[in-house]
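The values are calculated or read from the model by the stated rules, or taken from the named source; none is laboratory data. On a predicted model such as this, the values are computed, not experimentally measured, just so you know. Positions of Cβ are backbone-derived with ideal geometry, glycine not excepted, and every protein chain shown enters the neighbour counts.
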């Protein structure tokens, strides 16, 4: 998506529309909401589609900075080289990886950062809520994830790959130290290196498998396949 020229009329209409929508939806619960991004409202203003994703706020994306202050993000679109947060549906050329919608984060290129200094922050999407008591792991689906950083309350979480599937991977991180605490869960695509899609965020009471456990599981699968091949070549 080419960078849209700033239009004051579009900016005002966006803010009024989504502000009224927020009033109708009411307050946010203590816990996290809309962890699969399915609760979204799409509107078309002056030929461009925009989305509000309940519970979530975008930061530093092109459209966010110039139009909506995090209230709305682009829909079924993405920038050429600028940092951006967008909601992608099943009918986009890079389709949603679960359900009707997924979030795409793009950190932006070196060139865009030189023109717009705020783009060196990359792009992020976050929500403030309480981690359920007893939680040990946070998991989510990710596709084409390159350098996506996950944090809670400003503290970076160490994310590991828990399994690969045809169009996405399962990622997980130990979040047990923050169980019962309230803070912002933030996904960030850093400037220049960050890029990827997100979906289906879940909290689990099971611990994250250790890397050695994952390696042993992969080795076991490989040995089982070899045994079957030897038995039935």
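Some points to look at:
- Close Cβ contacts (under 6 Å, 6 or more residues apart or on different chains) running from residues in region 162-183 that are free of Cβ contacts under 8 Å to residues at least 24 places away in the same chain and at negative phi to residues that are assigned to a loop (DSSP other than H, G, I, E, B) and surrounded by 16 or more Cβ atoms within 10 Å (Cβ to Cβ) are absent.
- Hits in region 178-210 - residues which are part of a strand (DSSP E or B) and over 21 Å from residue 98 (Cβ atoms): 182, 183, 184
- For the residues 207, 190, 211, the requirement of being more than 22 Å from residue 38 (Cβ to Cβ), touching a helix residue (DSSP H, G or I) at 6+ places or on another chain (Cβ under 9 Å), loosely packed, with under 14 Cβ neighbours inside 10 Å and modelled with pLDDT under 95 singles out 207.
- Residue 98 being modelled with pLDDT under 95, closer than 15 Å to residue 200 by Cβ and not in a strand (DSSP E or B): yes
- Residue within region 61-69 that is assigned to a loop (DSSP other than H, G, I, E, B) and either crowded, with 18+ Cβ neighbours inside 10 Å or modelled with pLDDT of 95 or more (or both) present: yes
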